[in-house]
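Asker: Before I ask anything, let me first share the structure, which is written out below as structure tokens.
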């Protein structure tokens, strides 16, 4: 599986405006199989749970709030490429007639 770090990198979405890319990606996400949706949701939980664990530790260590913020910022860097890569196979390839 190839990882895509941006919607512009997905071959079927190249050359499309952002609104179209987001629309097609959303449609592709709706077609994900149950195991793929489960995998994405488990990965999201694995990133989000440490944020709450760090927030709970702020009573004894205020720097854990900074770590929670850092983990929260890392969330899109970890989850979005995986989501784009899984959804890419459900995006219809443009026909050759449109490109000609």
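The values are calculated or read from the model by the stated rules, or taken from the named source; none is laboratory data. If you're wondering where the values come from, they're calculated on a predicted model, not measured in any experiment. Glycine gets a Cβ as well: all are built from the backbone with ideal geometry, and neighbour counts include every protein chain shown.
Asker: Looking at the range 55-86 only, could you name the residues that are farther than 30 Å from residue 7 by Cβ and part of a helix (DSSP H, G or I)? Talk me through it step by step, then tell me what you get.
Answerer: From the range 55-86, those farther than 30 Å from residue 7 by Cβ are 55-66; that's our starting set.
Those that are farther than 30 Å from residue 7 by Cβ and part of a helix (DSSP H, G or I): 55, 56, 57, 58, 59, 63, 64, 65, 66.
Asker: So is residue 92 touching a residue at least 60 places away in the same chain (Cβ under 8 Å) and either exposed (fewer than 12 other Cβ atoms within 10 Å of the Cβ) or more than 15 Å from the chain's Cα centre (by Cα) (or both) or not? First the steps, then the outcome.
Answerer: Details: touching a residue at least 60 places away in the same chain (Cβ under 8 Å): yes; either exposed (fewer than 12 other Cβ atoms within 10 Å of the Cβ) or more than 15 Å from the chain's Cα centre (by Cα) (or both): yes.
Yes: the conditions hold for residue 92.
Asker: Say whether the condition of being loosely packed, with under 15 Cβ neighbours inside 10 Å, touching a residue at least 12 places away in the same chain (Cβ under 8 Å) and either out of contact with any strand residue (DSSP E or B) (no Cβ under 7 Å at 6 or more places or on another chain) or at positive phi (or both) is met by at least one residue in the range 58-74.
Answerer: Within the range 58-74, the subset loosely packed, with under 15 Cβ neighbours inside 10 Å is 58-63, 65-66, 69-70, 73-74.
The next check asks that each one be touching a residue at least 12 places away in the same chain (Cβ under 8 Å); those that pass are 74.
Next cut, either out of contact with any strand residue (DSSP E or B) (no Cβ under 7 Å at 6 or more places or on another chain) or at positive phi (or both) only: 74.
Checked against the condition, which is being loosely packed, with under 15 Cβ neighbours inside 10 Å, touching a residue at least 12 places away in the same chain (Cβ under 8 Å) and either out of contact with any strand residue (DSSP E or B) (no Cβ under 7 Å at 6 or more places or on another chain) or at positive phi (or both), the range 58-74 yields at least one hit.
Every residue, every condition in (1) touching a helix residue (DSSP H, G or I) at 6+ places or on another chain (Cβ under 6 Å); (2) in contact (Cβ under 8 Å) with a residue 12 or more places away in the chain; (3) surrounded by 12 or more Cβ atoms within 10 Å (Cβ to Cβ); (4) assigned to a loop (DSSP other than H, G, I, E, B), yes or no:
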position: 3; (1), (2), (3), (4): yes, yes, no, yes
position: 16; (1), (2), (3), (4): no, no, yes, yes
position: 22; (1), (2), (3), (4): no, yes, yes, no
position: 28; (1), (2), (3), (4): yes, yes, yes, no
position: 32; (1), (2), (3), (4): no, yes, yes, yes
position: 35; (1), (2), (3), (4): no, no, no, no
position: 38; (1), (2), (3), (4): no, no, no, no
position: 42; (1), (2), (3), (4): no, no, no, no
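Table: residues versus (1) more than 19 Å from residue 72 (Cβ to Cβ); (2) at pLDDT 90 or above; (3) in contact with a strand residue (DSSP E or B) (Cβ under 8 Å, 6 or more places away or on another chain).
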position	(1), (2), (3)
1	yes, no, no
4	yes, no, no
9	yes, no, no
16	yes, no, no
30	yes, yes, no
40	no, yes, no
43	no, yes, no
46	no, yes, no
53	no, no, no
